[in-house]
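Colleague: Just dropping this structure here.
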Amino acid sequence: MAKENIHHSLEVYYEKIDCCPLRDRQFNFFEFVYVLSGKGNHGINGNLLPFKAGDLFLITPNDYHSFDLDRVCEFMVVRFAPSYVKSYHWESIDHIECLLYYASHFSGSILTIEADKIMVANLMQNLQHTAELTSIYSEDLMRHLVNAIIVIAARNISVIKPESISPNADTRILQIIDYIQGNIRQPELLKIGVIAEKFGLSGTYLGSYFRKQCHESIQQYISSYRIRLIEHRLRFSDKRIHEIADEFGFADESHINKFFKRHRGLSLRVYRDNCKRENMQVS
C-alpha cells in the first residue's frame, strides 16, 4: 500500500485528472477532497460509494482510499497535519474534535446541510483562486478559507448521530442527544432525573426510551461520549491531566484516571504517551 507524507502543516492544490495516480493511498495527515466536476466511485477503508460534483470527502490519518473516475475530474485538495488542528485556537474545539472522531466512520460526502453545500462551493472557488496567487498575503488568506471549511465540515459531521440510533428515531431523542452533548462537562446536568425533568419524562421511562431508540443505555452513551472527548484532549491538546479533570467535572486527577482506566484499561498519562509514540512513527 502506498504511503504519503505531508511536507508542510497545510498544503492546497488543484487537480484535473482522468485516472487516480495512486491506488489505496494511506496518509499520515488529514485530507479534504472536494469534487469540482466529474463523477465516479470513491473507495475508503474497503467501502465504495459513487461521487459527484459538490461532494466533500475527508480522509483521516491511517485511512486508505482511492478514486475510480468515469471521466476527466477536477478536484480541490486540502491537506493538513494533526499539528495544524492542535496549534490553531478554535473557538469551539469540540466541533473540531467531533470532526476528527466521526470522519473515519462513513464513506460518503460529509456535507449534509444544503446551505453549507453552497457555502463550501464558494469557499473552494475562492481557495482555488487564492492558491494560484503569489502575493504576500495569499498564505494567510488561504488559511482563513481552509479554517472556514474545517468548521463547516465539523458542523455537518456534528449532526451525525450514533450509528446505533434507530432510523425511525423521533425528534425528541435527537434533542436529548443534543442536550447531552451540549452539557457533557457538567455532570450535575446529566443526572437521569435532571434530563427526565427537562424533557417531561419519568426517569424509568427515559431509560427504556433511550435504550429502545439508541440500542444502548443513556449512561453508556454519556460515558462513551465523555471518553471520546477526553481522548481527543489527550491527543490534540497540551492540557494537563488535572485541567482535563476540572473541565469535565471530575473531583480530581485520581477520579478521572479511575473513570478512564475503567473504560480504556490504562491511565490518561499512558494513553497520551502512546499517542505521542504513534505520531512519531508516522511523522
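What follows draws every value from the coordinates through simple rules; no lab data is involved. The structure presented is a predicted model; accordingly, all values stated were derived computationally and were not measured. Note that we place each Cβ from the backbone using ideal geometry, even for glycine, and neighbour counts take in every protein chain shown.
Colleague: Once R0 is set to 35 Å, what does the formula 1/(1 + (r/R0)^6) return for the Cβ-Cβ distance between L133 and S66, expressed as a FRET efficiency to the nearest 0.05?
Modeller: Given R0 = 35 Å and the Cβ-Cβ separation, E is 0.70.
Colleague: Working out 0.36 nm times the residue gap between A121 and D18, then minus their Cα-Cα distance, what length gain in nm do you get to one decimal?
Modeller: 34.9 nm
Colleague: Could you work out how much longer the chain between D273 and S223 gets when fully extended? Use 0.36 nm per residue separation minus the Cα distance between them, nm to one decimal. Don't skip to the answer; put the middle values down first.
Modeller: Values: separation 50, 0.36 × 50 = 18.00 nm, distance 2.24 nm.
This chain segment gains 15.8 nm when fully extended.
Colleague: What percent do you get for the relative contact order of the stretch 171-282 when only Cα pairs under 8 Å and 6+ apart count? Write down the numbers at each step before the final one.
Modeller: Values: 71 pairs, mean separation 22.1, N = 112.
It comes to 20 percent, rounded to a whole number.
Colleague: If you don't mind, there's one more thing I want to ask. What is the spin-label model distance, in nm, from N47 to R172 if the labels are put 7 Å beyond Cα along the C-beta direction?
Modeller: 3.1
Colleague: Shifting gears a bit: Which order, highest average first, do 50-59, 180-189 follow once you tally other Cβ atoms within 10 Å for each residue and take the mean per peptide?
Modeller: So the order, starting with the most tightly packed, is 50-59, 180-189.
Colleague: Does the stretch 175-224 come out rounded, prolate or oblate, given a ≥ b ≥ c as the square roots of the eigenvalues of its C-alpha gyration tensor, rounded meaning a/c under 1.5 and, failing that, prolate meaning a/b above b/c?
Modeller: Values: a/c = 1.69, a/b = 1.15, b/c = 1.47.
Taking the square roots of the gyration eigenvalues as a ≥ b ≥ c, the stretch 175-224 is oblate.
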